[in-house]
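One structure is given below, encoded as structure tokens.
None of the figures in this text is laboratory data; all of them are computed from the coordinates on show. The structure presented is a predicted model; accordingly, all values stated were derived computationally and were not measured. For neighbour counting, all protein chains shown are included, and Cβ atoms are generated from backbone atoms with ideal geometry for every residue, glycine included.
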Amino acid sequence: MPKVPADGTDPADAAAIVGRYELDTGGSFDVTVTDDRPVISASGADAVAALFPPRADVPAAGLRAHERRVLALLGGQTDEGHRERAGIEAGFGPITGVTLGGTTSAGETRTYVTVTTRKRSILAWYSLNEQGGVQAAEIPTRPPALPLVASGGGSHRPDDPAGVGPEVTLRFGEGRVTVSGPAGETSARSAG
């Protein structure tokens, strides 16, 4: 059973919050509507950290270690990394840079990265084991996203009936979205 019953989301209310919301630190949230429900996605490490805070049983040091393993892999610092890099370059062209885009820990740990080639930038995510081996990956991919439901009092929460996703609350108003979670509040301004 859901921890907080959903009030439902009026399609007109969902449409009113659609848009891009930018953080002062560089990341952003994008709100779209799919099947009359708002969906919010996060781009940039700061936005991913706010929308997908780590579970209490996942230490921050473990997430940073995962990020280092992903960067080592894509830097070609291991045999598997050489193969992974060669595969990416065969499909997208020579890699000129890799930028961290944030790490989520709901289910499996996924580190998002932007892989830059001479022709374009591609978003990807990697889930690696302790030895740096690829357990799962997706390239190209979309930013991590959550479907939302109204939860009363002008707030929204993730549409997560099983209660396994991030515990965040979102408030929209006055051209802003405020994401509240275990680490505090993060606010972003409407870009439009």
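How long are the three semi-axes of the equivalent ellipsoid of the chain, in whole Å, if each is the root of 5 times an eigenvalue of the C-alpha gyration tensor, listed from largest down?
For the chain, the ellipsoid semi-axes come out as 32, 18, 14 Å.
Specify whether the C-alpha gyration tensor of the range 104-192 places it in the rounded, prolate or oblate class, a ≥ b ≥ c being the square roots of the eigenvalues: rounded for a/c under 1.5, otherwise prolate if a/b is larger than b/c and oblate if not.
Judged from the Cα gyration tensor, the range 104-192 comes out oblate (a/c at least 1.5, b/c at or above a/b).
Provide the convex hull volume over Cα atoms per residue for the range 29-128, in Å³.
Each residue corresponds to 121 Å³ of Cα convex hull volume.
So for the pair ARG20, ALA61, with labels modelled 7 Å out along Cα→Cβ, what separation do we get in nm?
3.9 nm
How much FRET efficiency would the formula 1/(1 + (r/R0)^6) give for VAL33 and ALA183, where r is the Cβ-Cβ distance and R0 is 30 Å, rounded to 0.05?
Calculated transfer efficiency: 0.60.
For the range 55-100 and the range 137-165, write down the distance between their C-alpha centroids in whole Å.
26 Å
Summing +1 for each Lys or Arg and -1 for each Asp or Glu, what net charge is found among the other residues whose Cβ lies under 14 Å from the Cβ of ALA86?
Neighbour charge sum, excluding ALA86 itself: -2.
Obtain the nm distance between the two label points defined at GLU138 and ARG171 by a simple spin-label model: each point lies 7 Å from its Cα along the Cα-to-C-beta direction.
3.2 nm
Using Cα pairs closer than 8 Å and at least 6 residues apart in sequence, work out the relative contact order for the chain, in percent.
About 24 percent, as a whole number.
Sorted by packing (mean other beta-carbon atoms within 10 Å per residue), highest first, where do 115-126, 88-99 land?
115-126, 88-99
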